[in-house]
1. With the crude spin-label approximation of a point 7 Å out along Cα→Cβ, what separation in nm comes out for Gln88 versus Lys73?
2. For segment 62-79, what does the Karplus curve 6.51 cos²θ - 1.76 cosθ + 1.60, with θ = phi - 60°, yield as ³J(HN,Hα) per residue in whole Hz, taken in order and with x for Gly and Pro?
3. How much length is gained if the chain between Arg100 and Lys36 is pulled fully straight, taking 0.36 nm per residue apart and subtracting their Cα-Cα distance, in nm to one decimal?
Amino acid sequence: MFARERAYDCKLVCLDVNVVSCGLSSCKILLLSLKKLQRDMQEPVLSILVEVERIRGQAQDRLMNKLAAARHKAEEKRATAEAKSNRQAAKTDKQADYIRRTGRVPSSFTFCGWCWCW
């Protein structure tokens, strides 16, 4: 009964080798064909894994490029905002010096209805 089960297993695992009895030589054939089957199954999996890694690398490169572009754009906006702030501070400082020297408020500080006109 045990030999029949082994022969049945041999037929299931190794379809290309016709194994009727499971003697010593047929088990070797079974092991060799099983190793070949495993190797044949691994080759497509390895090629798929290589392709997946290649695609993942490309996607990561694109993401890093987008992040670098966003970082560069943010840096430019920060520099622009800082320059604008510096210009406004210089203008305010200049007007404050004018008011201190002359004691007069410039006409740009006049009251116009409901709001201050700058």
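1. Simple spin-label model gives 2.3 nm for this pair.
2. Values per residue, Gly and Pro as x: 4, 5, 5, 5, 5, 5, 5, 5, 5, 5, 5, 5, 5, 5, 4, 5, 4, 5 Hz.
3. Between Arg100 and Lys36, full extension yields an extra 13.6 nm.
No value in this document is a laboratory result; all are computed from the given coordinates. As the structure is a prediction and not an experimental result, all values here were calculated from the model. Cβ atoms come from the backbone with ideal geometry, glycine included; neighbour counts cover every protein chain shown.
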